[in-house]
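One structure is given below, encoded as structure tokens.
The values are calculated or read from the model by the stated rules, or taken from the named source; none is laboratory data. These numbers were taken from a predicted model, which means no experiment stands behind them. When we count neighbours, we look across all protein chains shown, and the Cβ atoms used for this are built from the backbone with ideal geometry, even at glycine.
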Amino acid sequence: MLTVISPAPHRLAMSAEVADALAGGTAVVALESTILSHGLPPGRNLEVGRRLERTVRDAGAVPATIAVLDGQALVGLSPVQLERVCAPDAGLDKLSLRDLGPVLALGGSGATTVASTAVLAHAAGIGVFGTGGLGGVHLPLPGASVTWDVSADLGALARTPVLVVCSGMKSILDIPATLEVLETNSVPVLGYRTDEFPSFYLRSSGLPVPRRVDDPAQVAAIVSAHRHFADSGVLLANPIPPESEMDRELHDRLLAEGLELVASRAVSGADVTPVLLEHFHTASGGASLDANEELVVANVRLAAEVAVELAS
Ligand code: PSU
Ligand code: MN
């Protein structure tokens, strides 16, 4: 079933379906696996993973969920591989870009973040990627000063010509600082049918979006024009659907508690986001899970619409 497109030691393999779609000029949308393995609880993650792939297909594109299994970067997972990524005992590491080399070389497995998914998508020839939230510049945790915790997602967007569709980033991050880093790195930031930059569970972060767009064809035109001049990515920020937005008071309370929890347990680095997400999901009685699922589905649908425009 697998078509190996580049020999070891690079170890990148596309599914036959994705390879055929790319060869035939059919729209393809990349999907990440960290959101499944580290962002959603077992059981729910498989449902969501399957729903995302269905959503892309329903919009006329081919989904390419990306993960690393047994030393091979897979672009397009079989149903069995998707089950493995979502299994309760999968024990997959969260792989950002810096982890790809070591894990591929040593034959390991793991789930890919926005950074590593974007780079693998581009390596495979995929230009559009739909996900939930982007990593960014972290706020100092209570009692700390500067953390130096800046997600590699930003560095990857700075130099990977892929469109990333997301719902902004969580307010656990320093959103103004993250937008500054994106500007420094020449990443266009577009707001989809909004003048305000979204903050994941909430439709607005209170910050203006640098540029507003109102339909997928405009996004496709901007992506094409941008690629003539720059190798950086493009960020399309799509606010959570209004009916799925979280209650702001509940959101603010969970956020404050989550940050306390992270500080008291001395959580750091790559573990911060998963620990905070877990707190949201348990303490909200599942409300944040529903919100999370609906926003990713909406983003993946929009990504497919843009991919179809780009392919036409
Ligand atoms: N934000 C979310 N959910 C997630 C992530 C971010 O709301 O699942 C994941 C994504 O895979 C993202 C990664 O690329 O966390 C960023 O992690 P870090 O800050 O460690 O780079
Ligand atoms: Mn980090």
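Tabulated data
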| item | result |
| --- | --- |
| Qualifying residue in the stretch 62-74 (condition: outside the structural domain of Ala156 (by TED's automatic domain parsing), surrounded by 17 or more Cβ atoms within 10 Å (Cβ to Cβ), under 23 Å from Leu163 (Cβ atoms) and out of contact with any Leu (no Cβ under 9 Å at 6 or more places or on another chain)) | no |
| Near pairs, Cβ below 9 angstrom, 6+ apart or cross-chain, from the stretch 112-123 (outside the structural domain of Val162 (by TED's automatic domain parsing) and under 10 Å from Val75 (Cα atoms)) to any residue that is assigned to a helix (DSSP H, G or I) and away from ligand 2 (no atom under 15 Å from the Cβ) | Leu120/Leu100 |
| Residue within the stretch 223-241 that is touching a residue at least 12 places away in the same chain (Cβ under 8 Å), in a helix (DSSP H, G or I) and either touching a strand residue (DSSP E or B) at 6+ places or on another chain (Cβ under 8 Å) or within 16 Å of ligand 2 (Cβ to nearest atom) (or both) present | yes |
| Boolean, Arg248 is of a type in the set (Lys, Arg) and out of contact with any strand residue (DSSP E or B) (no Cβ under 7 Å at 6 or more places or on another chain) | no |
| Odd one out for Arg84, checked against (1) closer than 29 Å to Ala311 by Cα; (2) surrounded by fewer than 24 Cβ atoms within 10 Å (Cβ to Cβ); (3) without any contact (Cβ under 8 Å) to a residue 40 or more places away in the chain; (4) touching a strand residue (DSSP E or B) at 6+ places or on another chain (Cβ under 9 Å) | (1) |
| Unmet criterion (only one of (1) farther than 24 Å from Leu120 by Cβ; (2) surrounded by 23 or more Cβ atoms within 10 Å (Cβ to Cβ); (3) within 16 Å of ligand 2 (Cβ to nearest atom)) for Thr178 | (1) |
| Residue match in the stretch 125-141 (condition: over 16 Å from the mean Cα position of the chain (by Cα) and modelled with pLDDT of 95 or more) | yes |
| The listed residue being at pLDDT below 95 and buried (at least 17 other Cβ atoms within 10 Å of the Cβ), out of Ile222, Ile172 | Ile172 |
| Enumeration of residues in the stretch 152-172 that are within 16 Å of ligand 2 (Cβ to nearest atom) and out of contact with any Ser or Thr (no Cβ under 8 Å at 6 or more places or on another chain) | Gly155 |
